[in-house]
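Taking it in order: structure first as structure tokens, then the write-up.
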Amino acid sequence: MATNNGSATAAAGSDRQRRDAQPAFVLHTYPFRETSLVVEAFTRNFGRIGLVARGARRPKSALRGLLMGFQPLLLSWAGKSELRTLHKAEWQGGIPQLQGLGLMCGFYLNELLLKLLAREDPHDALFAVYQDEIGALAREPDPEVVLRRFEKQLLKELGYGLILDREADSGKPIDPGKRYTYVVERGPVALDRVADAQVEILGQTLIELDSDNFANAVTLTQSKLLMRFLVNHYLGNQELHTRQLLREMQQI
């Protein structure tokens, strides 16, 4: 009887370790041993996870060609180590393949997730935002708008939500005609109240960034500077390689 109970417990544990048909996107892959791949995936229910796709580099592998970035997938895996074993991938379709500048912007979003999200920290709302914005990169003519929206939502999901509607020290509503700086962990502060400002923005920019209104060119430019300042702060010493590539593409 003890042996049977032990077997049942082991089987139950194995079932708990298996995950089937989980909505996911591939963020990054790299070769593993002779024929396999390590897959960094962003899943709706389990956050960022690492998977080993055994034999995925073999010509006749069922996984070959499926593990593409920016495409909605259903992934099935098992295991309890840091790198689980991927058993199945199913393509869900619905998002056109990214190209050109949109593709590079997609890589930028992926790099942000890889460097700012902890492993196995679920963010189902952020997953939905990511899926929407990847679709937007395939449709919208100005990808910078997509990047600003995503950066803002990412910081919010990580617990670093921006204060954009009121002054940090007085609590008064933002004055569209004032000039502000942004103090990390505090919010907007009028420029005449600080001695050293690392970033300068108009009150109108803060108001329009708060409502995702980027029709004004000045708002789009200043929002980019503000988000770069904040993202750099939370990245610490980590470098974003795709940011440099985007700069180079826009100079061609």
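Some notes on this structure:
- Solvent exposure, largest accessible area first (probe 1.4 Å, DNA, RNA and ligands not counted), of S81, S61: S81, S61
- Carbon and sulfur %, accessible surface of the chain computed with the full protein complex present, 1.4 Å: 49
- Shape category assigned to segment 61-103 from the gyration tensor of Cα positions, a/c cut at 1.5: prolate
- Equivalent-ellipsoid semi-axes of segment 142-193, from the Cα gyration tensor, Å, largest first: 23, 14, 9
- Extent of segment 194-252 along its three principal axes (Cα atoms, max minus min coordinate, largest first): 31, 31, 19 Å.
- Ranking of D20, D192 by solvent-accessible surface, largest first: D192, D20 (1.4 Å probe, protein heavy atoms only, all chains present).
- Separation in nanometres of the label points that stand 7 Å from Cα toward Cβ, at A62 and R33: 1.9
- For K88, nonlocal amide neighbours, meaning residues 5 or more places apart or on other chains whose placed amide H falls under 5 Å from its own, are S76.
- Within the shell of other residues whose beta carbon sits under 13 angstrom from the beta carbon of T43, the net charge comes to 0, with Lys and Arg scored +1 and Asp and Glu -1.
- Lys-Lys pairs in the chain that are eight or more residues apart or on separate chains and whose Cα atoms lie under 28 Å of each other come to 16.
- Once the 1.4 Å probe is applied to the protein heavy atoms, the chain comes out at 52 Å² accessible per residue.
- Gyration tensor verdict on segment 117-225 (Cα atoms; rounded if a/c is under 1.5, prolate if a/b is larger than b/c, oblate otherwise): oblate
- Answer label for semi-axes √(5λ) of the Cα gyration tensor in Å (calculated), chosen among [x] 27, 19, 18; [y] 41, 22, 15; [z] 55, 26, 18: [y]
- Between 0 and 90°, nearest 10: helix 2-17 axis offset from the chain longest Cα axis: 40
The values are calculated or read from the model by the stated rules, or taken from the named source; none is laboratory data. Fair warning: this is a prediction, and the values are worked out from it, not measured in the lab. Glycine also receives a Cβ, built like all others from the backbone with ideal geometry; neighbour counts cover every protein chain displayed. Please note that ligands, DNA and RNA were not included when accessible areas were found on the heavy atoms of the full protein model with its side chains. Shrake-Rupley method; radii C 1.70, N 1.55, O 1.52, S 1.80 Å.
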